[in-house]
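Following: one structure in structure tokens, then a few remarks.
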Amino acid sequence: MVRCGMSRHHKTTKEGSLIVNMIAGKAEIGKFFFRYGFQKLLSSVPQRRLGDMLIGLALKGNQSRTTDFAELGQCCRTTYGYFLSTGKWDEAKVSEKQRQEEFQTVSQLAAECGTPIYLSIDDTVVEKKKPSSKAKHPMEGTGWHYSHLERKQVFGYQIFGAHINTGNTALCYELRRCCPKNGSKIDTSVQLLDNLPETNVPIIALMDSWYTCQRLWDKVMEKGLTMIGALKSNRILYPNGKRCPASKYAASLPNGQYHLVKVGGHEYWVHRYEGTLNGIGHAAVLLSYPKNSFKNELALRLFLCSDTDFSDEKILSHYTRRWKIEVMFKQHKMYLGLKSFMVRSAKAIDRLLVLLTLAHFFFLSLSAFRVPLSTGIHLFRELLCIF
């Protein structure tokens, strides 16, 4: 519905109480494309479509459905579906440019603040309730994946993610659908590290126990980065040259071999092991228990660090930054529709993931990358909306 006396670029939502200033929104998006060089990669039509979709993500949120984009855009629902599935634009180049600009931005901020760059890698599962064999119009590329949240196999997509942060700035670096064509999660991680731009700022790669393996260790060492990752409690250590599972080694240590370490208001009993692991060279491994769960086998946590000069407190403090990637996945599911998208073709889904990463970059750019994603979205809504 268009209100009387207003241009067609001012639209209302279904409730009729909100007027959307499309001109102001598209002008801001145009500045963003120009500032970071995206206009060189996109012709006018892809820029318009992406602009409509960024506005739709900001106002509708939580869906990422083509009907949401059409509600506020100038085109019908099928136009946006066609744009994602068969439209003529190079999403790989757009993604590469976004990663370059984000990395440069974070590098500059890290250099100014004297802080390292934290690069976190992880994955999440996007569940789709109806298996493709039962769907009238099945989604491509779906499969059964283990969900850590549900603690069981669920049907849907596994999404690999990378996150970079420094100081108060946190950005989604990459989202990619896990599939045989793209290789395993480890293949994707190695490729990501291979393609990291050069920087003089120290980079700390953070990962959970599913990624702390020999291939990633070797790549991190080759790139001159620091790895801090979790380990499973059955990981084999070699104290005094004897082969021993970490959980058994932790339980056999006398209480005097542990000391208290305070991190972020919490205290942990920690024992430090330095030596080799299977497939991994000399490293520091922290065996830790929460203060109130000392020697509780279920509470044991292990953390590996490739830099043995780091203190125990420093290793644990750095590892707490890994939690930001979990927050990123949650935000994308809550605000950008990562959980509820309904495009069907594999290519459209891959392009949608590029759009969501670009949207994260755009919304945070409105505040010079100093606020969380939710705040960046609200800032753009304030620019768009006249109540």
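Here are a few things to note about the model shown:
- Any hit, the stretch 343-356, residues being among the hydroxyl-bearing types (S, T, Y) and farther than 26 Å from F160 by Cβ: no
- Residues (part of a strand (DSSP E or B), within 21 Å of the chain's Cα centre (by Cα) and not hydroxyl-bearing (S, T, Y)) located in the stretch 216-237: M227, I228, G229, A230, L231
- Tally, over the stretch 191-202, of residues that are closer than 20 Å to L175 by Cβ and not in a helix (DSSP H, G or I): 3
- Near pairs, Cβ below 9 angstrom, 6+ apart or cross-chain, from the stretch 170-195 (over 22 Å from L356 (Cα atoms)) to any residue that is open to solvent by less than 10 Å² (accessible area, probe 1.4 Å): I186/Y211; I186/L216; V190/L216
- Any chance F69 is assigned to a helix (DSSP H, G or I), touching a helix residue (DSSP H, G or I) at 6+ places or on another chain (Cβ under 6 Å), of a type in the set (A, V, I, L, M, F, W, C) and at pLDDT 90 or above: no
- Reported count of residues in the stretch 86-127, each being small (G, A, S) and surrounded by fewer than 17 Cβ atoms within 10 Å (Cβ to Cβ), is 3.
- Qualifying residues in the stretch 184-243 (those that are among the aromatic types (F, W, Y) and open to solvent by 20 Å² or more (accessible area, probe 1.4 Å)) - the one modelled with the lowest pLDDT: W210
- Cross-chain or 6+ apart pairs with Cβ under 9 Å, the stretch 344-356 first and of a type in the set (S, T, N, Q), then surrounded by 22 or more Cβ atoms within 10 Å (Cβ to Cβ) and assigned to a helix (DSSP H, G or I): S345/L84
- Residue in the stretch 308-325 that is in contact (Cβ under 8 Å) with a residue 24 or more places away in the chain and farther than 30 Å from Q257 by Cα present: yes
- Residue match in the stretch 249-264 (condition: among the β-branched types (V, I, T), part of a strand (DSSP E or B) and surrounded by 13 or more Cβ atoms within 10 Å (Cβ to Cβ)): yes
- Just one of the listed residues (V285, V270, V327) is more than 20 Å from M227 (Cα to Cα) and β-branched (V, I, T), namely V327.
- Count of the stretch 286-320 residues which are among the aliphatic types (A, V, I, L, M) and either more than 17 Å from A246 (Cα to Cα) or touching a Pro at 6+ places or on another chain (Cβ under 8 Å) (or both): 3
Matching residues to (1) open to solvent by 20 Å² or more (accessible area, probe 1.4 Å); (2) modelled with pLDDT under 90:
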{"position": "V20", "(1), (2)": "no, yes"}
{"position": "A27", "(1), (2)": "yes, no"}
{"position": "G30", "(1), (2)": "yes, no"}
{"position": "F38", "(1), (2)": "no, no"}
{"position": "G56", "(1), (2)": "no, yes"}
{"position": "S64", "(1), (2)": "no, yes"}
{"position": "Y80", "(1), (2)": "no, yes"}
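The values are calculated or read from the model by the stated rules, or taken from the named source; none is laboratory data. Model, not experiment: these values are computed from the prediction. FYI the Cβ positions are ideal-geometry reconstructions off the backbone, even for glycines, and counts take in every protein chain you see. Ligands, DNA and RNA are excluded from the accessible area calculation, which covers all protein heavy atoms including side chains. Shrake-Rupley method; radii C 1.70, N 1.55, O 1.52, S 1.80 Å.
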